[in-house]
Each structure stands twice: as structure tokens, then as C-alpha cells.
Amino acid sequence: MRKHSMQNILVLIIFSIFAVLSLVLVAVGIKFYTNISNKVNDNSQMRNTVAYLENKIRSNDYKGGIDVVKIDGKDVLILSSTADDALKTAIYVDDGHLKEYLSQNDDVKLGYGDTIADVQDMNISKEGNNLNIVLDINNTKYVIQKSIVSGAL
């Protein structure tokens, strides 16, 4: 009788070890999945934000179509749909969000506009016909360098 109870206890111990190791494996798998999922989301956000800005710049690449100004200490990208059009699109970062604001003439008001993406900071500089944009997305810096061939700057 004692031999059967020892076999049962041994089977129960082996089964318990298997169950605990299975739970540990699932917990580790969840951690890896979460990390990979977060990295995929961050990369997707970065690619979408960079593509959005590059397309906006490309579509306004003509004389007088692109300007960079500072408003309240923030870099603002001003895009005009046509050289003589009073409608301007302002792209800027406010409270951790990249925003797009459609304004008339140069009446740009920070804090307004549609949220495009989560971006902590954006620095814009222009040197000759080169436009440099540095984005801070999730504490990672991304640089966009565009040469404006039409002389828009």
C-alpha cells in the first residue's frame, strides 16, 4: 500500500512541476509578445508620421509653398496650397501631439487643429534649400532631411 501512495505522490509532484513550468513559460511569452507588439506600434507610428510630413512637404514644394516660423518658442511648418492662396496649413507639436491647423493668412493659433500623431517634440531648421526636421517620438530621435529642389525656401 505504501508503494502505491509513493507512486501517486511522485506523479502529483511531477504534474505540479509541469504545471508551474507551463505557467512560467506562458508569463515569459506574454512579456515577449507585449514588447514586440509595442515596438511594432512605435515603428508604425514613426513611419506614418514621417511619411505624412514628407508627403506634405513634397506636395507644397514650389516657390512660396513652404516656410518655417517660430510661434511662442515652437517651430511651426507653414504650408501654402498655392503661392497666392490665403489658406495656410500649420504643422506643429503641442502637448506631445503633432497637430495640423488650417488657417487664413498668417493667423496661426497654437493649441488648435487636428491631432495627427503622438510626437513629444519637433525641431525644424532650414539652410538654403535644405529642410531638416528632428522628431522626438517615444524618446527616439528621427531626422527628416529634404532638399527643396524648386527653391521654395
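A Cβ distance below 8 Å, combined with a sequence gap of six or more or placement on separate chains, defines the contacts here; from the stretch 124-143, residues that are of a type in the set (Lys, Arg) reach residues that are part of a strand (DSSP E or B) in the pairs Lys126/Val68; Lys126/Asn132; Lys141/Val134; Lys141/Leu135.
One residue stands out in the stretch 79-106 among those that are closer than 17 Å to Gly64 by Cα and not in a strand (DSSP E or B): the one that is modelled with the highest pLDDT, namely Ser81. For the stretch 100-120, a tally of residues being exposed (fewer than 14 other Cβ atoms within 10 Å of the Cβ), in contact with an Asp or Glu (Cβ under 8 Å, 6 or more places away or on another chain) and touching a residue at least 24 places away in the same chain (Cβ under 8 Å) returns 0. Just checking, does the stretch 70-87 include any residue being among the basic types (Lys, Arg), more than 30 Å from Ser44 (Cβ to Cβ) and surrounded by fewer than 16 Cβ atoms within 10 Å (Cβ to Cβ)? So far as the stretch 70-87 goes, yes, one or more of its residues are among the basic types (Lys, Arg), more than 30 Å from Ser44 (Cβ to Cβ) and surrounded by fewer than 16 Cβ atoms within 10 Å (Cβ to Cβ). Has the stretch 21-44 got at least one residue that is outside any strand (DSSP E or B), surrounded by 11 or more Cβ atoms within 10 Å (Cβ to Cβ) and touching a residue at least 12 places away in the same chain (Cβ under 8 Å)? Yes, the stretch 21-44 has at least one match.
The values are calculated or read from the model by the stated rules, or taken from the named source; none is laboratory data. These numbers were taken from a predicted model, which means no experiment stands behind them. Note that each Cβ is placed from the backbone with ideal geometry, even for glycine, and that neighbours are counted across all protein chains shown.
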